[in-house]
Each structure stands twice: as C-alpha cells, then as structure tokens.
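The values are calculated or read from the model by the stated rules, or taken from the named source; none is laboratory data. From a predicted model like this one, the values you see are computed outputs, not experimental measurements. Here the Cβ positions follow ideal geometry from the backbone for every residue, glycine too, while neighbour counts run over all protein chains shown.
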Amino acid sequence: MGEAPAFFADDLQEHSPNGVLLNSKSCETAIDIGCSKTYVIGATENESASTIGVRIFDRSTNEWVIPTVLGIKPKPSEGQSAIALDEERILVIKGNSTSDDCFWFLEVDTAFVREQKTRLGTEVVAWSKGVVGEAEKPIVISGPSGVGKGTLINKLMEDFPSMFGFSVSHTTRAPRNNELNGVHYHFTERCVMERDIKEGKFLEFAAVHGNLYGTSIEAVEAVTDRGKRCILDIDVQGARSVRASSLEAIFIFICPPSFEELEKRLRLRGTETEEQIQKRLRNAKAEIEQGNSSGLFDHILVNNNLQTCYENLKKLLGLSDCDKNTKISVPELFHMPVEHTVSKIEQKILINYIATEEEKSATNMFVLDLSSIKGGAPGRTRSLNIRLAKPSTNGIICSKMAS
Ligand code: 5GP
C-alpha cells in the first residue's frame, strides 16, 4: 500500500504525486494502491458532475484507465478526503455532509470486484456507502409458490410498519390484477433487466417459473436508508446467491405441511392458469427438497396454520413481546465539517477538524473504528462506529458516542 496523500487540485503544483495530472477546477484526491496504480477520485469532466468520478492512473504504463464503476455513486461535496484502508479499499469522506452520507468505501480489489473484473473483462471499482451504527440484518424469506410467504410478510409489515420495509424486486412477468408497479414489483422488460444485470445493478437474480426475477442493490438500500429492516421474498436460487454475497442476512424457509395442501392453496389463490400451476408445482418439489436439505436456511417454519406460523416467525425474530410501534434505533446524525484531515492508525481513522466559533473549542477529532465493519459492495458497508474525541498530549480522549 502506498502513502495516502489526500490533497486538493488547487494544491496541484506542490503535491501532485508521481506526475498524476489532476483536474485543477474540481476537488480530486489521489490515492496510490500497490506499486502501479493511482486512483483519482473526484468530480471529473466538469464542475457540475452529479456524481463523484473515478479514474485510474497506471504508473507502470503512464496511461489513464477509465474503470467500470459499480454501485450507487456518491454525489460530490465540498472538502472531500480519502485514505487507503488496505490493498482492497479506499475510504472517502465527504465534507459538509451528514453522517448518513459522508462515509463511502471505494472497493478496488475485493472478492466482489475481482469477480466483476473477470466477468466484464475491464478494470472495475465498486462504491459501497458506509452506515454508522448497528443495522439489523435483512431477512430473506423463501418457500414454494402458494406456501403463504406473501401473507406472512404482509402481516409482519402491517403489525410493525416502522420496523420493516419490503425489498421491491424486479420481474419480467406480467402484473396480476391487483399488483402495482413499484409496490409489489418493478415490472420490467427482459432486455432492460438483462442490461441492468450486466451493469452490476443486481444483488441477485434468477429465472423462476420461466420469468426473470431479481433484487436490485438499490431496492435493499432504499429500505436500509429509511432506517428499516429489509425483508426479501426470493426463491431458493436467489437465497443461495445472497448467501454468497456480502449481504449478511437471516435466511428463513417456509414449508407447506404437505404437497397436496400446497396444490390446494395454489388453486384456491386463483391467480395462475392451469399450465402455470403445473409449472409452479413441479418447481415446488425441487424447492422443498433444497430448502429442507441444503443447510442454506437458518430456520425452517412449517405453515400448517397461518396464525401459528406467524407467531413462530415473530418468536424467531425476537418480536413476540414487542411493542408494534418499536422502531429500530437509528444513530443520531452529525455533520462532517468541510475542513478536515484524515489519518489512519491500525483500524482507527482519525478525522481532525477545526470546530466552529460557537463550539468554543479548538481542534476536535472524530475517531472512526473500522474493526467491526460488516458487508460491502454490492450493498452497504455497515456497523461503522464513530466517536467524538479530543486529542490530548497523552493520547486520544473519546468524549461522546456519536452512534
Ligand atoms: P410470484 O410470481 O408468485 O410473485 O413469485 C414467484 C417466485 O419468485 C416466488 O417464489 C418468489 O419468492 C420469487 N421471487 C420474487 N422476487 C424475487 C427476486 O427478486 N429474486 C428471486 N431470486 N426470486 C424472487
């Protein structure tokens, strides 16, 4: 890992490392990783760029490389700084931003990025927004068509509206009579969905009953950003992909009491043609076998009786005696000043800033502890722990929890 020279383009003449030419108009930061690459992070072509751009300078060939950038990109801000965490990731801190939008991780060589490089055959980087505080793990619910997953999820969402949010999947199947675009699914053309999959916008996808279904990274992030715990209703293939991804989740499989009962429920629902019912029943056999035997799921619930199954679901989510209006605690927001400097000691990031007049104190410091972080691209980097601290001659005094 190279030095982490966080600097601004205005300082170009004095600080430009290794001859990397930075845009003199916009705020750009150059970070060396390994022995040949410099990542230049900042607004690129013009000052009005709506997202932070990334360019790579290959020092071994003296050439610029424009990478494929995956993930939702951060918007530019004043006073951006950056620091290499290791060979895999760069932490970007946006000044003049609140804590729910100031920490961003640019992954340059994580397992996910390496996989995408092989798949796309290009240089790849991936953004993952940092989330301060403990975010509850998302819940993946799978089970054969007609088993009652949808009813159980709806009950959970109705009973605990401030706690849970539904990840709205994309699908190429046609909407049913009562289904709304953007609420039950994002109904999509196959070619559009295939293009978005290629562009890395999906956490997982699978062909189910002849149609394409998938969870976009944005769908999960939209729920997390509202401070809610995300519920994903996906098939077993999708659950397997999520298990292999960096999204840590709880996996629950809902099983019918018998195959005959499942067939009865599917027919009673009346939403499919006979041909579609036959296809769903064939797939259900395989799903039930995989769900029960693969070790993929943390919990298996038999939906013999809806109310009993619902009570068991609540029990395993720790909701039995829970007030229905309980919210997941969201950390208090704080503001990252424009003027700050960043340094790293082991797993701690020290962010120094000049306090405002009103705060009546001298230099202050945030300490961001990275030792407990979870997740990463695709999706959020969670469990960032940040404290307000004052530097002293004997070390750092952490004075207040900001999360
Ligand atoms: P339906 O057409 O009945 O709404 O859903 C059919 C199946 O697709 C269900 O088993 C459901 O769990 C699954 N499914 C819905 N959304 C997704 C998704 O985003 N990804 C995957 N892999 N499966 C999904």
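Report whether or not ASP109 is surrounded by fewer than 19 Cβ atoms within 10 Å (Cβ to Cβ), away from the ligand (no atom under 16 Å from the Cβ), not assigned by TED's automatic domain parsing to the domain that holds LYS198 and not basic (Lys, Arg).
Criteria met by ASP109.
Looking at region 298-324, which of the residues that are in a loop (DSSP other than H, G, I, E, B) and aliphatic (A, V, I, L, M) is modelled with the lowest pLDDT?
Top of the filtered list is LEU319.
Kindly list, by first and then second residue, each pair from a residue in region 159-179 that is touching a residue at least 60 places away in the same chain (Cβ under 8 Å) and within 22 Å of VAL220 (Cβ to Cβ) to a residue that is within 11 Å of the ligand (Cβ to nearest atom) and of a type in the set (Phe, Trp, Tyr), limited to pairs with Cβ atoms under 6 Å and residues at least 6 apart or on different chains.
SER169/TYR185; SER169/TYR213
Just checking, does region 328-346 include any residue being at pLDDT 90 or above, in the same structural domain as THR224 (by TED's automatic domain parsing) and closer than 30 Å to THR110 by Cβ?
Scanning region 328-346, I find no residue that is at pLDDT 90 or above, in the same structural domain as THR224 (by TED's automatic domain parsing) and closer than 30 Å to THR110 by Cβ, so the answer is no.
Give me the residue from region 151-175 that is in contact with a His (Cβ under 9 Å, 6 or more places away or on another chain) and within 8 Å of the ligand (Cβ to nearest atom) and, out of that set, farthest from ARG229 (Cα to Cα).
ARG173
Please go through (1) more than 9 Å from the ligand (Cβ to nearest atom); (2) modelled with pLDDT of 95 or more; (3) touching a Pro at 6+ places or on another chain (Cβ under 8 Å) for PHE251 and return the number of the only condition it doesn't satisfy.
Just one mismatch for PHE251, condition (3).
Mind listing whichever residues of region 258-296 are aliphatic (A, V, I, L, M) and either in a loop (DSSP other than H, G, I, E, B) or surrounded by 13 or more Cβ atoms within 10 Å (Cβ to Cβ) (or both)?
Once the filter is applied, which keeps residues that are aliphatic (A, V, I, L, M) and either in a loop (DSSP other than H, G, I, E, B) or surrounded by 13 or more Cβ atoms within 10 Å (Cβ to Cβ) (or both), region 258-296 yields LEU262, LEU266, ILE277, LEU281, ALA284, ILE288, LEU296.
Return a yes/no flag: does region 180-199 have any residue that is over 27 Å from THR273 (Cβ atoms), at pLDDT 90 or above and touching a strand residue (DSSP E or B) at 6+ places or on another chain (Cβ under 6 Å).
Scanning region 180-199 turns up at least one residue that is over 27 Å from THR273 (Cβ atoms), at pLDDT 90 or above and touching a strand residue (DSSP E or B) at 6+ places or on another chain (Cβ under 6 Å).
Taking region 195-233, which residues are near the ligand (Cβ under 9 Å from one of its atoms), touching a Leu at 6+ places or on another chain (Cβ under 9 Å) and not β-branched (Val, Ile, Thr)?
Passing the criteria: LEU203, GLU204, PHE205, ALA206, GLY214, SER216, ALA219, LEU232.
Within region 116-134, does at least one residue satisfy the condition of being at negative phi, at pLDDT 90 or above and within 12 Å of the ligand (Cβ to nearest atom)?
No, region 116-134 has no match at all.
Which of (1) farther than 26 Å from LYS137 by Cα; (2) modelled with pLDDT under 90; (3) loosely packed, with under 13 Cβ neighbours inside 10 Å; (4) of a type in the set (A, V, I, L, M, F, W, C) does MET401 not meet, given it meets every other one?
Of the numbered conditions (1) farther than 26 Å from LYS137 by Cα; (2) modelled with pLDDT under 90; (3) loosely packed, with under 13 Cβ neighbours inside 10 Å; (4) of a type in the set (A, V, I, L, M, F, W, C), the odd one out for MET401 is (1).
Could we say that LYS155 is in the same structural domain as SER293 (by TED's automatic domain parsing) and not in a loop (DSSP other than H, G, I, E, B) here?
It is true that LYS155 is in the same structural domain as SER293 (by TED's automatic domain parsing) and not in a loop (DSSP other than H, G, I, E, B).
Residues are listed down the side, and each one gets a yes or a no for (1) in a strand (DSSP E or B); (2) touching a Pro at 6+ places or on another chain (Cβ under 8 Å):
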residue: LEU203; (1), (2): yes, yes
residue: TYR213; (1), (2): yes, no
residue: GLU218; (1), (2): no, no
residue: GLU221; (1), (2): no, no
residue: ARG243; (1), (2): no, no
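So, in region 135-150, exactly how many residues are in contact with a strand residue (DSSP E or B) (Cβ under 9 Å, 6 or more places away or on another chain) and within 12 Å of the ligand (Cβ to nearest atom)?
Number satisfying all stated conditions: 10.
For region 204-219: of the residues being at pLDDT 90 or above and of a type in the set (A, V, I, L, M, F, W, C), which is surrounded by the fewest Cβ atoms within 10 Å (Cβ to Cβ)?
Here the answer is ALA207.
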